[in-house]
Amino acid sequence: MTRHQKRLSVPNSWPVERKTNTFTVKAGAGPHGEAGVPLVVLLRDVLGYVDSTKEARYALNNDSILVNGDAVSDEQRPIGMFDILAFPERGEYFRVFPDEGGRLALTPVDEDAAGSRLGKITNKTVVPGGVTQLTLHDGTNVRVDDDADYETNDSIVVDNETKEIVAHFEYEEGALVTAVAGQHAGQIGEIEDIDVTLGSGDNTVTVASEDGGYETVEEYVVVIDENFTDDEGDADE
């Protein structure tokens, strides 16, 4: 199987230049599906911390790079929306956040904020033993004893060390959300109205924002909290 990906055909979310070279690194198996960006692309093309895949492997072999609190060793490990990328030796921490146009960007956060990550609940099922399992947007599964408080499209915050849920944000009118795809990607606002469409059509959401608001499909919004609006700004690409 090839380890390369043509730049012209990478997902729109990837923060790479498409016409500089023919190929880039292909994402490996893991979370976020096809939208996941290979870790080496962020290290090399976005942050400029390494010049080659070989240098990235060296850094990873020294356990100096953490993703969601865990040391990673695969330079092709997919990185996606709301992941936490940490460089403890540098004292630098980043959250992956959607930018305008849906491209993923690295937003600097402090060490406390880097201790947990946000996930959108995309599915809820009961597994053997009567335990409820929540599936998040990146494919991660979180088991909870009581499902009464959790619904699809809600967001939860998971502690990177204990893997326990430390916060819960309900998907409802008045909730703070960000669009993560579509023409309004990266825009933050409050839900004004949720229009449930009968049949197979997509539910739509009306969001009020500082620039007048917008309407988008339910799938494209994620509930966040006010801490996401206080970040220091995106890392240079």
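The values are calculated or read from the model by the stated rules, or taken from the named source; none is laboratory data. Keep in mind that what you see is a predicted model, and the values were worked out from it rather than measured. Heads up, the Cβs are rebuilt from the backbone with ideal geometry, glycines too, and the neighbour counts pull from every protein chain shown. For accessibility, only protein heavy atoms count, side chains too; no ligands or nucleic acids. Shrake-Rupley method; radii C 1.70, N 1.55, O 1.52, S 1.80 Å.
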(message) With the condition being among the aromatic types (Phe, Trp, Tyr), I'd like the strands (runs of 3 or more DSSP E) fully within segment 74-119 carrying at least 1 qualifying residues.
(response) 84-87, 92-98
(request) Using the structure shown, decide if residue 159 is at pLDDT 95 or above and either among the charged types (D, E, K, R) or more than 24 Å from residue 35 (Cβ to Cβ) (or both). (result) yes
(message) Six or more apart or on different chains, Cβ atoms under 8 Å: show the pairs whose first residue is in segment 97-125 and within 14 Å of residue 220 (Cα to Cα) and hydroxyl-bearing (Ser, Thr, Tyr) and whose second is open to solvent by 50 Å² or more (accessible area, probe 1.4 Å) and not in a strand (DSSP E or B).
(response) 122/152
(request) Could you check how many residues of segment 209-229 are farther than 24 Å from residue 167 by Cα and exposed (fewer than 15 other Cβ atoms within 10 Å of the Cβ)? (result) 5
(request) Quick one: residue 161 ticks every box in (1) outside the structural domain of residue 43 (by the TED database); (2) under 24 Å from residue 66 (Cβ atoms); (3) touching a residue at least 24 places away in the same chain (Cβ under 8 Å); (4) surrounded by 12 or more Cβ atoms within 10 Å (Cβ to Cβ) except a single one, so which number is it? (result) (4)
(request) Among the residues of segment 29-45, write down those that are farther than 19 Å from residue 161 by Cβ, open to solvent by 10 Å² or more (accessible area, probe 1.4 Å) and either modelled with pLDDT under 85 or not in a helix (DSSP H, G or I) (or both). (result) 29, 30, 32, 33, 34, 35, 45
(request) May I ask you to verify whether residue 70 is touching a residue at least 60 places away in the same chain (Cβ under 8 Å), surrounded by fewer than 17 Cβ atoms within 10 Å (Cβ to Cβ), out of contact with any Gly (no Cβ under 6 Å at 6 or more places or on another chain) and not aromatic (Phe, Trp, Tyr)? (result) yes
